Structures are given as C-alpha cells and as structure tokens.
Amino acid sequence: NRLGAKTSLIESNIIGGECLNSGCIPSKTFLHSANLFYNSNNATGVGLPAVNTGKPDLGKIMGHVRDVIDSMAKSENEETFRKMGIDVYPGKSHFISKNTLSIDGEEISSKYFIICTGSLPVVPPIETLQDIPYLTNTNFWDQDKLPQKTLIMGAGPIGIELGQALSRLGSEVYIATRSGRILQKEDNEIALEMKDILIGEGLNFLDNVGINHFEKDGSRINIKYDNNGSKDELTVDAVLVAIGRKPNIAELKLENAGVEYNKKGIIVSDELKTTTENIYACGDAIGKYLFTHAASFYADIAINNILKKEKIKTSRTIMPWVTFTDPEIAHVGLTEKEAREKFGDITILHTDATLDRFITESRTKGFLKIILDKNDAIIGAHAICPRAGDKFQTLTMAMQQGISIQEFVRTVYPYPTFSEIIKKSFTRYLRGK
C-alpha cells in the first residue's frame, strides 16, 4: 500500500493472527508474570525478603494477558487498515483460479497474491485425546485456574517456555518427549544446559515415552503411556499439546491456482514465488522459519519481488531466533554438529556467563558459544544466558556483512553490560593465537 499498490487484506479469523492473539504476545506477557512471581519468591539471595503471598490467581494473570493483547490490537484492526486505504475482507477464502479468490462466496480478482496464512498446532492421532479438554497454544489463554499438575506433550519452544512458566507459578509440570532431547533445533550443548536448569527448578521429564491413552476422571485426566517397554500411568489436571505446527493451508484449494505444496508447506522459490508465477507465499505457510520476524522479513521480500525489478533472494538471509525461557536461548547460523559436518575444521569459542554484569545480578548460569571456520569467520553462535536474544543482532549482522572478529575487539562495549560477553569471547581467543 505504501509503495502505491492497491491492496486488499483477507483474514478468516482475527486480525493480528496467531502472533498477537495466541502466540508471541500472550506468551511473552504470561512468561513475564511468571518470572516476576518466581523471582520475587526467590529474592532472599539478593538481600530482599521473599514475597510469599500465596498462590497466584491465574484468572487475573490471563486478564492481564488479554489487556495487553487488546492494547496492541488498537493499531491492528479493520478500521486502522481501512484508514490506510487497504480493503479488508473478513471471511474464509479459497482460490477459484490463479487470479480469482472466493471470500465467503464473494469473488475478488487480483494480479498478484501473497499467501501468509500462518500455521496451526499439530494434534497427534491418539483417538482418546479427543475425549479430554486438551490445550494447545490457541486455547491455553482461556484458563482461569492454575492446574495443580500439568502434562506437556512436546519439548519444543512452546512446550518448554510454557512449562517453565507454569512450574514457576506453582503447577507440577511433566514434559513428555519421545527421545529425551529437548529443543531439537538448538545446539546440543545448549539443549542439555537448558534441561539441567529446568530439572533444577523442579520440572519433570518423561523421556522416551509413547502416550497411548487418555481418560477423563471427573475434573482430572488419567494418562497411560509406554516407558522403555513398561506401562505407566499419570493423573493430571491439564494436558497441553505442543508437538509442533503445520501450515494453515488446507482450506485454500491451492490446486485451483496451480500452487504446489507438501507436508511442510507451500513450495516457493528463492524469491518466494510459488509454482504459479503471480502467487507468492511467506511466513509459517511455507514451513521454513516459523517465527513472526521471519514472516515479516520475508513479506517485505515478497512485496519487493512483486513490485520492483531488482529481486531479493531469501538464501542471502541469516535468520536468528530466540527461545524465551529464563535464561533466554539465542541461535544464529550453524550448530556445532552442522558446522562439523559442513566444514570439518572449525573453532569453538566457549565463554561462561561469569562476567561482571552477570555476577552483579546473580545470574551466572549459561554460556555463549561461537563457531568459527578455518578463516575465523563466524558461521554460528548460540547462547543461553540473560537477555541472550538482545545480544545477537550484532552477531547476525557480522555473519551477513562479513564483519571480522577483529572489528568486534576494536569496538567499545559499555561496562558492565551483558553484551560484553561477545567482545570477551573474541578478545580471549585472539590473545591465545
């Protein structure tokens, strides 16, 4: 719209999508409340009295979550977009042809389309799961009573973030995994550290299990599962399904427009063009990086490639991400395993979170891990420490722009800051060469 193109926005549910209404914004608000409660009750270590005022009121916390969503929705609604000159069509849509879309029976035509319909929670095909009121990140926010005991299926970012938060609020949390490995996309050393931290906080892990039966028992839920060949049972108050996401494309009738897709999502070129020349796709719908910042960045690329002659290729993008546990986990580039497989000869810089700023806040768990190739170029970086996500913009830029580690050493970092750990890593390495 700002570039002069006549634009229409089609939304089948709520404007703002999953991120605003059931993903990033509510979850980060919820995590903040849980962390405040947890830290206030563990304040004796920094010379303050613990604030023991009983159990938190989940209804009030969820009320606060909804208030935050509502405040942000004031700038993301139909009226706002219409004032910007954008036509807004609420309703379910599907393709009739490559140039025509049906929205609740009304047809509109366009020269170009961008598909950015997001993703949905994956629900495992366990027949008895439908017999219980299970939760996903979509309806998690409707709760008003803290479960005394919670089972979380899945140990990805959603399961780990919400699991830690629920535990910090007072729920007894069990996280079920098929392999024992949490956060599969993270560097193995990072994942192991996070698991140790969570176990230390009292979370329980049911590793190498296969859940096969759910049964409602009054207000509680009985669960039967296989555990290394033996049969076990667990009774909980809530079950959260967080085993993954799938592209939200089933109702689009992509075949009518000649758009090809697979289980991961819509198939796109390096320029985000689908198999139909006038249709582009981005975000969770293409199944590559399931993050809001990736969707936003790729949307800009899709718009550029539609409207401008000079094309941008997504393969040039270095994509970082953050898991908002406490401490945070940040990731950019290759893991150690991926780097060894691709380059063989690599160097690992490992710096513990024991620098001065970490010590002043009594938050010394974790580390920064930077991976260099044989020419000392940064090919991956991983951190588990306070505010890890806010440190990684410089490392991401360095990888994308080819900034040398010597430039980091020659850059002044304010003292004492958390980000100083990056300069320390490179300084110690170069001193030892």
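Summed over segment 265-287, residues that are among the aliphatic types (A, V, I, L, M) and open to solvent by 40 Å² or more (accessible area, probe 1.4 Å) total 2. Annotation note: of P56, P26, the sole residue that is in a helix (DSSP H, G or I), in contact (Cβ under 8 Å) with a residue 60 or more places away in the chain and in contact with a Phe, Trp or Tyr (Cβ under 6 Å, 6 or more places away or on another chain) is P26.
To keep it simple, each residue is scored yes or no on (1) within 22 Å of M84 (Cα to Cα); (2) at pLDDT below 95; (3) among the polar types (S, T, N, Q).
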{"site": "S33", "(1), (2), (3)": "no, no, yes"}
{"site": "N41", "(1), (2), (3)": "no, yes, yes"}
{"site": "G45", "(1), (2), (3)": "no, yes, no"}
{"site": "V51", "(1), (2), (3)": "no, yes, no"}
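Might you let me know whether segment 289-301 holds any residue that is over 24 Å from T396 (Cβ atoms) and open to solvent by 20 Å² or more (accessible area, probe 1.4 Å)? No: zero hits.
Could you grab me the full set of residues in segment 341-360 that are free of Cβ contacts under 8 Å to residues at least 60 places away in the same chain, under 20 Å from A330 (Cα atoms) and charged (D, E, K, R)? The one that is free of Cβ contacts under 8 Å to residues at least 60 places away in the same chain, under 20 Å from A330 (Cα atoms) and charged (D, E, K, R): D352. Does T325 satisfy being within 27 Å of D104 (Cβ to Cβ), in a loop (DSSP other than H, G, I, E, B), modelled with pLDDT of 95 or more and of a type in the set (S, T, N, Q)? So T325 does not fit the description; no. I need every pair where a residue in segment 416-428 that is among the charged types (D, E, K, R) has its Cβ under 6 Å from the Cβ of a residue that is surrounded by fewer than 19 Cβ atoms within 10 Å (Cβ to Cβ), sequence separation at least 6 or different chains. If the second residue must be surrounded by fewer than 19 Cβ atoms within 10 Å (Cβ to Cβ), the pairs left are E420/Y413; K423/Y413. With respect to the conditions (1) open to solvent by 50 Å² or more (accessible area, probe 1.4 Å); (2) at pLDDT 95 or above, A339 falls short on a single one, namely (1).
Is it the case, given these coordinates, that V88 is over 16 Å from L252 (Cβ atoms) and touching an Asp or Glu at 6+ places or on another chain (Cβ under 7 Å)?
yes
Do you know which of the residues in segment 302-322 that are β-branched (V, I, T) and part of a loop (DSSP other than H, G, I, E, B) is most open to solvent (accessible area, probe 1.4 Å)?
It comes out as I312.
When N42, N35 are checked against the criterion of being touching a residue at least 60 places away in the same chain (Cβ under 8 Å) and either among the polar types (S, T, N, Q) or more than 26 Å from S296 (Cβ to Cβ) (or both), a single residue qualifies: N35.
Conditions (1) within 26 Å of E161 (Cα to Cα); (2) touching a Gly at 6+ places or on another chain (Cβ under 6 Å), marked per residue:
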| site | (1), (2) |
| --- | --- |
| I348 | no, no |
| I359 | yes, no |
| L372 | no, no |
| C385 | yes, yes |
| A388 | yes, no |
| L395 | yes, no |
| Q401 | no, no |
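In the condition set (1) farther than 17 Å from L166 by Cα; (2) within 20 Å of the chain's Cα centre (by Cα), V241 is compliant with all but (1).
The values are calculated or read from the model by the stated rules, or taken from the named source; none is laboratory data. Treat the numbers as computed from the prediction; the structure is a model and nothing was measured. Reconstructed Cβ throughout: ideal geometry from the backbone, glycine too, with neighbour counts over all protein chains shown. Accessible surface areas use protein heavy atoms only, side chains included; no ligands, DNA or RNA. Shrake-Rupley method; radii C 1.70, N 1.55, O 1.52, S 1.80 Å.
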